[in-house]
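Inspection log for the structure reproduced underneath, given as structure tokens.
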Amino acid sequence: MDKVKKTEQQWREQLSDAQYHVTREAGTERPYTGDYQVTPGHGIYHCICCGAPLFENEHKFESHCGWPSFDRPLADAAVEEHHDTSHGMRRIEVTCRRCDAHLGHVFPDGPHDTTGLRYCINSVALDYHPAE
């Protein structure tokens, strides 16, 4: 998969202010303000910046944390994980492998009956394609 590279100006023209802040500046949307609730049915969540497929609806769960949560990415090659020590915390940042967009973080407190992981993802970083 080829890397998507754009200038800051190109990203600003493509994205809303909130999308730009989260994906290009590693920001975070306020909890419980996002669009995506847990719903039945098949669908794929894509990166808002480059359109890469990232997560499946079937792997989404209600974590009560205020952001969409998944127990795994669509494929290992969909995302990258990086150590993040910002804000005085030690976390694992999740980015889109194709365009380096900041998506959120992954934590080891997900469902024990699946992966045990919680990919806590900002909804403004995602574009849902139902029935895909």
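The values are calculated or read from the model by the stated rules, or taken from the named source; none is laboratory data. All figures in this text were calculated on a predicted structure; none of them were measured in a lab. Here the Cβ positions follow ideal geometry from the backbone for every residue, glycine too, while neighbour counts run over all protein chains shown.
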Would you be able to say whether some residue in the stretch 58-78 is touching a Cys at 6+ places or on another chain (Cβ under 8 Å), at pLDDT 95 or above, part of a strand (DSSP E or B) and of a type outside the set (S, T, N, Q)?
no
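On the basis of being in contact (Cβ under 8 Å) with a residue 24 or more places away in the chain, under 21 Å from LYS6 (Cα atoms) and not hydrophobic (A, V, I, L, M, F, W, C), does PRO53 make the cut?
Yes; evaluated as a whole, the condition is true for this residue.
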Those residues that are surrounded by fewer than 14 Cβ atoms within 10 Å (Cβ to Cβ) and not small (Gly, Ala, Ser), I need them from the stretch 25-56; list them, please.
GLU25, ARG30, PRO31, TYR32, THR33, ASP35, GLN37, VAL38, THR39, PRO40, HIS42
In the stretch 67-80, the residues that are closer than 18 Å to CYS50 by Cβ and either polar (S, T, N, Q) or surrounded by fewer than 17 Cβ atoms within 10 Å (Cβ to Cβ) (or both)
ALA75, ASP76, ALA77, GLU80
Of the residues in the stretch 97-128, those that are in contact with a Phe, Trp or Tyr (Cβ under 8 Å, 6 or more places away or on another chain), among the aliphatic types (A, V, I, L, M) and more than 16 Å from ILE44 (Cα to Cα) come to VAL106, LEU117
Looking at the stretch 32-52, can you tell me whether even one residue there is part of a loop (DSSP other than H, G, I, E, B), touching a Ser or Thr at 6+ places or on another chain (Cβ under 9 Å) and of a type in the set (Asp, Glu)?
yes
Given (1) modelled with pLDDT of 95 or more; (2) surrounded by 14 or more Cβ atoms within 10 Å (Cβ to Cβ), identify the lone condition not met by ARG91.
(1)
Of the residues in the stretch 1-24, those that are outside any loop (DSSP other than H, G, I, E, B), exposed (fewer than 11 other Cβ atoms within 10 Å of the Cβ) and of a type in the set (D, E, K, R) come to GLU8, GLU13, ASP17
Any pair with Cβ under 7 angstrom, 6 or more apart, that starts in the stretch 103-132 at a residue that is surrounded by fewer than 16 Cβ atoms within 10 Å (Cβ to Cβ) and ends at one that is β-branched (Val, Ile, Thr) and in a strand (DSSP E or B):
HIS129/ILE44; GLU132/ILE44
